[in-house]
Each structure stands twice: as structure tokens, then as C-alpha cells.
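The values are calculated or read from the model by the stated rules, or taken from the named source; none is laboratory data. As the structure is a computational prediction, the values presented were derived from the model and not from experiment. Here Cβ is always computed from backbone atoms with ideal geometry, including for glycine, and neighbour counts include all displayed protein chains.
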Amino acid sequence: MLLYIHVPFCRRKCHYCAFSSHVYTPELEQTYLEALEKETATRGEQVKGKKISSIYIGGGTPTLLSIHSLARIIDLARSRFYIDSGVEFTIEANPETILDKKFPADLKRFGVNRLSLGVQCLDDGILTRLGRGHTSIQAMKAAEIVREAGIDNLSLDLIWGLPGQTLEKWLEDLKKVVRLGPTHISCYGLTLEQGTLLELQVQRKETELPEDYLQARMYAYGGDYLESQGFRQYEVSNFARKGYSCMHNAGYWEGQEFLGLGSSAVSCVAGFRWKNPENVDEYHIQAQRSFKGLDMENITGREMINERIMLSLRTSRGLRLGEYSELTGKDFLDMFGDLVNSLCRNKLAVLSNGRLSLTRNGMLVSNSIIERFIS
């Protein structure tokens, strides 16, 4: 089972971000930690005996919290859950929050063995446009500090398709990032999320995004470059050196059970899925009620099959056709043979060893391809 713990606090909202987050205050932190402690106790009993193979503390910006508060969260998890001795333990961080060398060293001491650093890009002008709270120099320094602290499994997050970003700038960012020595790189295409400041700026023509053909080149050329440097693409947006694929995210794509703690966190356990309230005060109220008022969705039938198709086709391993037959009692190629042949002819997919997987060009348009299989 995977364990995700959400920390919803940020110093400010990035202009492109639509995730649930709150401006940090010490008072809100205490309210949140009290609720999180209650939920940990409740869920610990619910999943008693299930082994946790991965812990992921995400946000928000978890490293806005003091090391004392993070230690409290970690102790809660260790006291309430059965955690595998070889657990992958990831925490997300923004560069400006971990420039104190002692902070990453303390994280390692508390058991964190993987850190995901939100670099996004290494162009200071673009970082300002995005509303990020760090500079390119701080991002590179933070990566160096993490490695010096002995956290060798370092993942760096980047975004392509940004306002003012050219293909040349994107490839130069990738070269600089590779020189920082990460084991894992996530490259996300910018999505204009509804209600964000960036969406409003684009609508008002105050800023422009790169043309679609240029964004496609960023994805394709960027992927080619990373693979030339020893990073294997194992999912639409993720590249890793051998042995460093993210176990936590891979668990989601493989359909493992996952438990989410904290506001807005989603869980899927024993075929049931639920989501916690996004608002911290509402989350606190639910914690007092032991979360008995949450809606529970039973994931069965067509929805379960669609999710397996969607998640599998996001990965380089692709969909095992035998799994589809096991779930449905039907032959995948009998159902979708014409579509599969068309995708393979157009070099958007490959059918090999009983698996259907998307090529890099196919991954670029994966959403539209997947829709054809699950509609």
C-alpha cells in the first residue's frame, strides 16, 4: 500500500497552480496538525496489517513547516502504520525552503531517502512570470545541498511550454539540470488551469504560450536528449536513471491501493475511493467525526477497467492485453483491432509481447488516444 500525506501550505500561489493550498500561518499549521493526528489514528485502524511500501509527503510546500513539525508527522506515520523496512520515503520541496544545509540533513536523519525539488525552469525571467519564489541560482544551490546531505535519490521537476520559453532555452535547461546529478527528472507540459492567474493573463493577451508545434518539439527533443544522457522514459512525464523510477508513482499506475492523509487527499482502499475536504477548517471538522460523513465510491465494472487502460497506457510498459481479458472476459484486439492497427501504422503505438504501449509521439497525444479506448 502507498501512503500519501498532504501539506497544503504555500507562501503564495504560483500563477499556473490550481492545486488546493492555503497561505501558511502558525495558527493554521497547529489546527492542521491536530486534525492530521486524528486522521492518522482513524486510518491506521482501518488499514491495520497492510504494509506501507512508499511514503510521499507532498503539497503545497511541505518544507515550509519546521523540521519539528515534519518530525511530528513522520512519527505519527511510523507509530500508526506497518511500514516496510525498505520503504521509499519522498518529500517535496521548493528550492528557497531548503537552503539551510541542516534542514535536508535532518530530513535524511528522520528517514527521508528521496527528495523531489520543484525547479520548474532555470530562466529567472520566466520564474518571475510564473510567480515562483526562487531564482535559478537558488534552485541549483538547493540541489547541491540535498546531495551534500546524503539524499542521493534526487528528483527535479521541470515544466515545458512556458510563456517566453523557446526550444533552445528548454534544451539548455535540461543540460544544466543533468549536470546537477539527479537520479530522476519529471518534465510536465504546462496546462492552463481554470481560474489561475496565468489563464487570465493568456486570455487578456498579456502573455503568450509557445505554439503547439514548438511545444511538441520540446517534448520530443527533450525526451531524446534525456535518454541520450542515461534517463529512461518510463511514463509520459517521467525519466529516471536505472533503478530510480519513483516507486510511489509507479504504484498508482500499477493500480496498487493508496491511502491519502490530509486536506484534499484521495484514497483508494479495498475497491473504495474517497476524497478529504479541501478546506482546512472542513477537514478539521471531519477529523473530529472520524471521517464518517465522507462519500465513498465503489470502483467496479467499467470504471475500473477504464482506469486500468488509462493508467497503463501512460507508462512505457503499456497495457498487458491479457489483463484486459482477465478483467472483461473479452479479447482486446477483437474490440479495438482497427484502432490499434491505425496507431501502429502511424507510429503512435507499438504492439509487442502481448503489450500495447505508446511511442513518444503517442505519449504526446496520449489523452486523445486513451479516450478512444475508454469511451
Residue selected from region 69-92 under the condition of a type in the set (A, V, I, L, M, F, W, C) and out of contact with any strand residue (DSSP E or B) (no Cβ under 7 Å at 6 or more places or on another chain), by the criterion nearest to Leu28 (Cα to Cα):
Leu70
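Taking region 200-223, which residues are assigned to a helix (DSSP H, G or I) and in contact (Cβ under 8 Å) with a residue 40 or more places away in the chain? Walk me through how you get there before you give the answer.
The first filter runs over region 200-223 and keeps only residues assigned to a helix (DSSP H, G or I), leaving 200-203, 212-223.
Result: Gln201, Leu214, Gln215, Ala216, Arg217, Met218, Tyr219, Ala220, Tyr221, Gly222, Gly223.
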List the number of the failed condition for Asp281; all other conditions in (1) in a helix (DSSP H, G or I); (2) touching a Ser or Thr at 6+ places or on another chain (Cβ under 7 Å); (3) under 30 Å from Glu27 (Cβ atoms) hold.
(2)
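Out of Thr191, Thr135, Thr166, Thr128, I need the residue that is within 20 Å of the chain's Cα centre (by Cα), surrounded by fewer than 19 Cβ atoms within 10 Å (Cβ to Cβ) and not hydrophobic (A, V, I, L, M, F, W, C). Which one?
Working: Thr135 fails: within 20 Å of the chain's Cα centre (by Cα); Thr166 fails: within 20 Å of the chain's Cα centre (by Cα); Thr128 fails: within 20 Å of the chain's Cα centre (by Cα).
Answer to the selection: Thr191.
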With the checklist (1) assigned to a helix (DSSP H, G or I); (2) out of contact with any Ser or Thr (no Cβ under 6 Å at 6 or more places or on another chain); (3) closer than 28 Å to Val178 by Cβ; (4) in contact (Cβ under 8 Å) with a residue 60 or more places away in the chain in hand, flag the one item Asn249 doesn't pass.
(4)
Within region 323-342, which residues are under 25 Å from Ser245 (Cβ atoms) and in contact with a helix residue (DSSP H, G or I) (Cβ under 9 Å, 6 or more places away or on another chain)?
Glu323, Tyr324, Leu327
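Which residue out of Arg308, Arg317 is charged (D, E, K, R), touching a residue at least 24 places away in the same chain (Cβ under 8 Å), in a loop (DSSP other than H, G, I, E, B) and surrounded by 13 or more Cβ atoms within 10 Å (Cβ to Cβ)? First the steps, then the outcome.
Values: Arg308 fails: in a loop (DSSP other than H, G, I, E, B).
Only one candidate passes the filter, namely Arg317.
Condition test on Gln229, is it in contact with a strand residue (DSSP E or B) (Cβ under 8 Å, 6 or more places away or on another chain), of a type in the set (S, T, N, Q), closer than 26 Å to Ser316 by Cβ and surrounded by fewer than 17 Cβ atoms within 10 Å (Cβ to Cβ)?
Details: in contact with a strand residue (DSSP E or B) (Cβ under 8 Å, 6 or more places away or on another chain): no; of a type in the set (S, T, N, Q): yes; closer than 26 Å to Ser316 by Cβ: yes; surrounded by fewer than 17 Cβ atoms within 10 Å (Cβ to Cβ): yes.
Here the answer is no, as Gln229 does not meet what is asked.
Consider Asn249 carefully, then state whether it is assigned by TED's automatic domain parsing to the domain that holds Arg80, out of contact with any Lys or Arg (no Cβ under 6 Å at 6 or more places or on another chain), under 27 Å from Pro8 (Cα atoms) and crowded, with 19+ Cβ neighbours inside 10 Å.
Values: assigned by TED's automatic domain parsing to the domain that holds Arg80: yes; out of contact with any Lys or Arg (no Cβ under 6 Å at 6 or more places or on another chain): yes; under 27 Å from Pro8 (Cα atoms): yes; crowded, with 19+ Cβ neighbours inside 10 Å: yes.
In short, yes.
In region 266-274, is there at least one residue being in a strand (DSSP E or B), among the basic types (Lys, Arg) and out of contact with any Cys (no Cβ under 6 Å at 6 or more places or on another chain)? Reasoning before the result, please.
Residues of region 266-274 that are in a strand (DSSP E or B), as a first pass: 266-269, 272-274.
Then keep just the ones that are among the basic types (Lys, Arg); that gives 273.
If we keep only those that are out of contact with any Cys (no Cβ under 6 Å at 6 or more places or on another chain) too, we end up with 273.
Yes, region 266-274 contains at least one residue that is in a strand (DSSP E or B), among the basic types (Lys, Arg) and out of contact with any Cys (no Cβ under 6 Å at 6 or more places or on another chain).
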Somewhere in region 288-303, is a residue polar (S, T, N, Q), closer than 24 Å to Glu45 by Cα and crowded, with 16+ Cβ neighbours inside 10 Å?
no
Region 132-149, residues that are of a type in the set (Gly, Ala, Ser) and at pLDDT 95 or above
Ser136, Ala139, Ala142, Ala143, Ala149
Do we find a residue being at pLDDT 95 or above and within 21 Å of Cys14 (Cβ to Cβ) anywhere in region 99-111?
yes
